[in-house]
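One structure is given here, and the rest of the page talks about it.
Read-outs: derived from the displayed coordinates by stated rules, not from any lab. Bear in mind the structure is a predicted one, so any value in this text is a computation, not a measurement. All Cβ positions, even for glycine, are placed from backbone atoms using ideal geometry, and neighbour counts span all protein chains on display.
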Amino acid sequence: MRRAFPVLLSGLLIVSCLPSLAWALGEETFGNRRLNALNYKDWPGIEPVINHESRVYHVWVNGNEHAYYRGDIDALNDVLQKFAATNQKQHEIVLRPGPASTKSFRETQSIPYQWDLHLVGGLARAMAKKDQGGKIWNLHPMLSIYVDETIPLDQLKIPAGVTLLELADLEKRFSAGLTSTDITVRGWDAGQLAGLNPYSTSNMNAIAKLLDDNEVWVRLNAAGALSVFGKKATPLLPDLRARLDTDDEAFKKRLTETIKIIETAPDNSEAEKQHQKTREQIHLFLKAQKK
């Protein structure tokens, strides 16, 4: 049953340090309670994946849907086989540096996971039809694996007929969304790109350009998204402080919060090194798969 209740939409659809509460039609499920197969008629064959016993959390908001999983390498390989067997036009599997975690609707719980399934349907599907929207809201199911020491790449059994992607592929897609003619796509994409790789200077600078966007909503999202980069965004502080001289109180407040977060952010250089190391391992793994 889908039901309406307050959902932190920005925490689900974009990455923002200052989410605003909005009413939405949504639901969340903890654990692996079986979800109604009738909800997945748009994706023939996906039900064994969505209801896999390794699922630990599921969230659905206006058709934007994520299922999160945790388990051993055998469970992951089983999911890979079931995903490849679905009757879809494309089967994209993304390998990204881990670890990964998400938060519940009201951010009262943090849920660690190792792979997730993203489906876009309902109202959210309309976003995919906007200019560059399909680069962010994928029309076909997408499976993402978050690689760390718990997922040995040499034990992954990649099925035939799937398309393997890495972080760089998603960064290229999401970067295109920043130039969309649609306000909503540009605004949401700022947060999506920031969350995709909080260690990327080029992504950070691309998002910073949206601070000059003609639409205030886009500027607000860009300002909030920059906080995701934490200490790495320190070089942007002079420009952010200069922008405080504005009559737009909402924008000033967002800038102030972002500046504070950047100024007090911890040093994540070790995590960044591990991120880059894992990213290179993934790149070499994908390169070997193409031989």
Checklist entry - In a GNM of the chain with a 10 Å cut-off on Cα contacts, which of 160, 84, 265 has the highest mean-square fluctuation? => result 160
Item to check | Max mean-square fluctuation residue, GNM over the chain, Cα-Cα springs under 10 Å, options 171, 257, 249 | outcome: 249
Checklist entry - How high is the relative contact order of segment 81-209, given as a whole-number percent (alpha carbon pairs under 8 Å, six or more residues apart)? => result 28 percent
Next on the checklist: So if I restrict to the alpha-carbon atoms in segment 158-291, what is the Rg, and what is Dmax, the biggest pairwise distance, in Å?
Outcome noted: 16.9, 58
Next on the checklist: Can you tell me what share of the DSSP beta bridges in segment 3-289 is antiparallel? A percent to the nearest 5 is fine.
Outcome noted: 75 percent
Item to check | Candidates 100, 75, 242, ranked by Gaussian network fluctuation over the chain, Cα under 10 Å, top entry | outcome: 242
Checklist entry - Considering amide H positions built from the backbone, and no H for Pro or chain starts, which residues 5 or more places from residue 142, or on another chain, come under 5 Å of its amide H? => result 118
Checklist entry - How would you rank 200, 269, going from fewest to most other Cβ atoms within 10 Å of each one's own Cβ? => result 269, 200
Checklist entry - Using the scaling law 2.2 N^0.38 Å as the reference, what is the normalised Cα Rg of the chain? => result 1.00
Checklist entry - Which angle between 0 and 90 degrees, to the nearest 10, do you get for helix 183-196 versus the longest principal axis of the chain when only C-alpha atoms count? => result 70 degrees
Checklist entry - How far is helix 167-177 tilted off the main Cα axis of the chain, in degrees rounded to 10, range 0 to 90? => result 50 degrees
Next on the checklist: Treating only the Cα positions of segment 220-291 as identical point scatterers, give the base-10 log of I(q)/I(0) from the Debye formula at each q in 0.24 Å⁻¹.
Outcome noted: -0.98
Checklist entry - Which of the chymotrypsin sites (Phe, Trp or Tyr not before Pro) found in segment 193-291 are loop residues per DSSP with 15 or fewer other Cβ atoms within 10 Å of their Cβ? => result none
Item to check | 27 Å Cα-Cα reach of residue 89 towards lysines, excluding residues that sit fewer than 8 places from it in its own chain | outcome: 41, 129, 130, 135, 157, 172, 287, 290, 291
Checklist entry - Taking the Cα centre of segment 3-289 as origin and charging only Cβ (+1 Lys, Arg; -1 Asp, Glu), how large is the dipole, in debye to the nearest 20? => result 340 debye
Checklist outcome for this item: To the nearest 10 degrees, the tilt of helix 216-226 (Cα long axis) against the first principal axis of the alpha carbons of the chain is 70 degrees
Checklist entry - Can you give the Rg to Rh ratio for segment 74-226, taking only C-alpha atoms and Rh from Kirkwood? => result 0.99
